[in-house]
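Take a look at the structure below.
The values are calculated or read from the model by the stated rules, or taken from the named source; none is laboratory data. Small disclaimer: the values here were computed from a predicted structure and weren't measured. Cβ placement follows ideal geometry from the backbone for every residue including glycine, while neighbour counts extend to all protein chains displayed.
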Amino acid sequence: MSQLPSMGHDSNYPGGSGRVRCQIKAVITLFALLPATFALSFTLTGVVTRYARMRGMLDLPGDRHSHFEPTPRGGGAGLVVALILASVPWAQVWIVLPFWLFCALPGFVVLSLMGWWDDRKPLSVRLRFLIQVLVSLYLILCFQPNGASLSLVPAIGAVLFLLWMTNLFNFMDGSNGMAGSQGVFAGLTLAWLFNRADDYPAVVLSLILASVCLGFLPWNLGRAKVFMGDVASGSLGFAIASLLIYGVFSSEVSLAAAWLVMLVFLCDSTLTLAARVLRGEQWYNPHKQHLYQQLIVRGWSHARVLAVYQLINLGLVIPAIAVAVSRPAIATTVATSTTLALVFAWLAVRRNIGVRV
């Protein structure tokens, strides 16, 4: 991969007038591209929804599901195609963000295709995991922040993070609007963080990510007309993890701030997995033991659960990120204390509703 251009921030952006031109391009792109991306995602999701219903691609109610009527799945294919169509032409207009085009996008496409196949005819757990490992390794081998490859320990950590984010997004896609809303939140938050670093192509890419998720949500909120499906849930987690890795290793986003962006999903999914492993369960099998699923089982509406999770993002996570980026000296302390607060809240709520840990 040594022939690829440097993936760091400094190699892409001149100072002075060059920065102003980037800012002007960003404004033009926001007003032209993002509404079109939203409309494209919304329209394609509708097309896929009709296709899925015609082909019998339905999620049926059952003990491991949180819905009560047959619902088409695979609707996330609409946002996947919209993201690809929006980001590739945009990269030709801008100073190219090589990391996305050469390192992240190929893995995103592969995972989406695998998910689409899995939505139609389930694949084995081993095959899915092998493909996830391969695309994660490819991204890390391809990535050269500031012209240098990652050293062994950070590379291993990045691969593990990619794998976990790919899977946890899939695990958390079990309630109407949950995954799509988190995609909007993550995209907007990343856009804010990249804007602080003057990385305007990364800002626009993050906003495109938020826009395609927003275009999907009208089909999935309330009484869902379609579910996202594996075609998008895993690849969306991979895309967000890719941008977080890009930001951290390009020194544009602190590790503490990056950790906080997905903290709500990280806590619920990781703690649920740990509890299942400690109980000796087959953790990779479908279930509905996540806290958000247990709340629905006990009578909470999907809308109420979604509102609580996003209120945590807005009321706790965003202020924590703001403190972390404005006061770097205490960023690690802020990230740690915020994480512990969510861990204790997770434990307390489960105990309060009578769920064993």
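State whether one or more residues within region 146-164 are surrounded by 24 or more Cβ atoms within 10 Å (Cβ to Cβ), assigned by TED's automatic domain parsing to the domain that holds Ala104 and under 27 Å from Leu311 (Cα atoms). Even if it seems obvious, please write down each step before you answer.
We begin by selecting, within region 146-164, every residue surrounded by 24 or more Cβ atoms within 10 Å (Cβ to Cβ); these are 162.
Among the residues that remain, those that are also assigned by TED's automatic domain parsing to the domain that holds Ala104 are: 162.
Remaining after also requiring under 27 Å from Leu311 (Cα atoms): 162.
Yes: region 146-164 contains one or more residues that are surrounded by 24 or more Cβ atoms within 10 Å (Cβ to Cβ), assigned by TED's automatic domain parsing to the domain that holds Ala104 and under 27 Å from Leu311 (Cα atoms).
The residues of region 220-239 that are in contact with a helix residue (DSSP H, G or I) (Cβ under 7 Å, 6 or more places away or on another chain) and surrounded by fewer than 24 Cβ atoms within 10 Å (Cβ to Cβ), listed by number, are Gly222, Lys225.
Within region 142-172, restricting attention to residues that are of a type in the set (S, T, N, Q) and assigned to a loop (DSSP other than H, G, I, E, B), which residue is modelled with the highest pLDDT?
If we filter region 142-172 for residues that are of a type in the set (S, T, N, Q), which is where we start, we get 144, 146, 149, 151, 166-167, 170.
Those left that are additionally assigned to a loop (DSSP other than H, G, I, E, B): 144, 149, 151.
Values: Gln144: 85, Ser149: 78, Ser151: 89.
In this case the residue turns out to be Ser151.
Out of curiosity, is Leu139 at pLDDT 95 or above, closer than 28 Å to Asn285 by Cα and surrounded by fewer than 23 Cβ atoms within 10 Å (Cβ to Cβ)? When the stated conditions are applied, Leu139 does not pass them. A search for C-beta distances below 7 Å between a residue of region 48-71 that is closer than 17 Å to Lys121 by Cβ and any residue that is modelled with pLDDT of 55 or more and assigned to a strand (DSSP E or B), counting only pairs 6+ apart in sequence or on different chains, returns Ala52/Pro72; Met57/Pro72; Leu58/Thr71; Leu58/Pro72; Asp59/Thr71. Just one of the listed residues (Ser175, Ser181, Ser211, Ser206) is of a type in the set (Gly, Ala, Ser) and not in a helix (DSSP H, G or I), and it is Ser175. Is it true that some residue in region 165-181 is closer than 27 Å to Ser254 by Cβ, without any contact (Cβ under 8 Å) to a residue 40 or more places away in the chain, in contact with a helix residue (DSSP H, G or I) (Cβ under 9 Å, 6 or more places away or on another chain) and crowded, with 17+ Cβ neighbours inside 10 Å? Within region 165-181, none of the residues are closer than 27 Å to Ser254 by Cβ, without any contact (Cβ under 8 Å) to a residue 40 or more places away in the chain, in contact with a helix residue (DSSP H, G or I) (Cβ under 9 Å, 6 or more places away or on another chain) and crowded, with 17+ Cβ neighbours inside 10 Å. Report, by residue number, each residue of region 184-203 that is part of a helix (DSSP H, G or I), more than 12 Å from the chain's Cα centre (by Cα) and hydrophobic (A, V, I, L, M, F, W, C). Ala191, Trp192, Leu193, Phe194, Ala202, Val203 - these are the residues of region 184-203 that are part of a helix (DSSP H, G or I), more than 12 Å from the chain's Cα centre (by Cα) and hydrophobic (A, V, I, L, M, F, W, C). Only one of the listed residues (Leu58, Leu44, Leu123) is modelled with pLDDT of 95 or more, touching a helix residue (DSSP H, G or I) at 6+ places or on another chain (Cβ under 8 Å) and either crowded, with 21+ Cβ neighbours inside 10 Å or in the same structural domain as Leu33 (by TED's automatic domain parsing) (or both). That residue is Leu44. If the condition is being touching a Phe, Trp or Tyr at 6+ places or on another chain (Cβ under 7 Å) and at pLDDT 85 or above, then region 22-41 contributes only Ser41.
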